[in-house]
Structures are given as structure tokens and as C-alpha cells.
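Values quoted throughout were computed directly from the atomic coordinates according to the rules given, and no laboratory measurement underlies them. Not measured: the values here are computed from a predicted model. All Cβ positions, even for glycine, are placed from backbone atoms using ideal geometry, and neighbour counts span all protein chains on display.
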């Protein structure tokens, strides 16, 4: 069975373009917006005190276009302001919960190759947040697609099981959760943790804040299936859209910087058909880079 996959790229401010997307039309939103007061030369920079006010109109539109079964993954990290960590990420989480978002989970991206350095009152950053938001408690999640090898744990922990390991043992801290270790005997795969160990990837992307392809790929496997639609409202180097195309997911990318937009267009297949009938929805001036793969 042949599947037709579409990729749409739009040049402009996502605050202008998102309101024109159909409601409940996206299965996964994966994006990394400009962090507070960073990338000033490229994106102008947003002061930490104004970040929530700036982002909340965007998240309101993302809430509108996301399907009830969909997921929003936000890659973001606090910055240091006058020797103290800013609280704008925590404030943003609270503001989005008031909008109607469910803050379902938090993943950590461990940067295996972060740059060395020395600071007077802290160590180098080696991780970033990936915040998971949903509209509904029941959402699409394909956990088997991201299973990992059991590793050495299976050779040690599972070799000699106690009587407690062979029954559903309730947590000693009273959380109500229990486990039966013996269920994992003779299995070669297990479910992963919420920490992803991946190297950064900037020098070969011509973008100062590019993330590795493995990052959106992992979340696309977890929350989408082929033929689903992925949105990146802050497209940047186009990693999300390039990965979506390769993985046979429809995708929609928005980028405000013309240079990055043109760069991504050159990496995407020749334009064919639109996903959201943009000539009617947005007008021809805002549409370019449409792709159909047969």
C-alpha cells in the first residue's frame, strides 16, 4: 500500500500562521522555541520576565490545533540571570496549565558531548528539558516502538530472584505502585527511562541551536505512526520536518528567518501537493515548499 506524505514549510511568524491551521489537525507538536535572551542576533531575544507573556498566545494556538489524542513536546531550558537560575520555565508550565494543558511528563535530554568550561558558582549544563503536554489524559502512545535492550541488568538482577521478586511487591514508600521482577525473566527488551542520552548537533546544521535527529525521531516513534501529522512552529534548521519526512509522517514547519527557511527548502524533496489546502486557508503568498512523496 502506497502512502502519500506531505511536508509544508511556511515563512513567517507562527503567531500569524498558526491561527489559520484547522483545529484538531496535528498528532504531535515537537519544537524548541528561542530561549529567553538567547539567539538575540537571530531571533531578537525575549527577556525572561516577558517570556510567558510572549509564549502563551502561541501555546493557545497549539492547544487549538492539537488533536485530543495528540502530544506537545516542548524542548526548553532555564537560563542564568545575575547568578541565579530564572524561573520562567516553571512559570510557563503553570500558565499553560491554566490554559487547559495537562503537564503529563518531563523528559531529560542528556547532552553527551556538551562543551567543557568553568564557572565560579556552577558546573556546565549537560541536559535540557523536554516537557510533555496533552489535551486529554488518554492520548496515543506507542511504547513498544521505543523499547531498549535489557542490558547487563538482566544478567545480574534477574539471575537470583527472591520470594519478594516473584510477587507484586508494593512500594516501601507507600506510593501504591508495585512490581513483579520475575515478569522480565527471559525478555530481551524493556521500556526505557525518561532520560535520553544523545549528542548535540550544531556544526553540520548551520544553526546555532539545532538538536540531533535522534531527538524528534524518538518522540515520533513514541507518539505517532506513519501517516500522522507533526508540527514544528519554530522550525529553525528543519530537523523535525526532515525526520518526519524520512519516517513517513506528514509535517508542517514555520520559520521566521528567511535564511533558515531557504536552507530547509533545499533539503526537502521537490514541492508537490499541500497538506492543509493552503491557497484557500492562507493565501498563496505564504505558501512554499510543499512536498508529496509517493
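Quick notes on this structure:
- Proxy reagent accessibility, fewest Cβ within 10 Å first, across 220, 96, 141: 141, 96, 220
- Taking 30, 123, 219 and counting other C-beta atoms within 10 Å, the order from fewest to most: 123, 219, 30
- Which of 108, 76 has the fewest Cβ neighbours within 10 Å, and the rest in rising order: 108, 76
- The label point for residue 147 and the one for residue 113, both projected 7 Å from the Cα toward the Cβ, are 3.1 nm apart.
- Taking label positions 7 Å along the Cα-Cβ direction at both residue 105 and residue 189, the computed distance is 1.6 nm, reported to one decimal.
- Set against the 2.2 N^0.38 Å expectation for a compact globular protein, the stretch 60-104 has a Cα radius of gyration ratio of 1.38.
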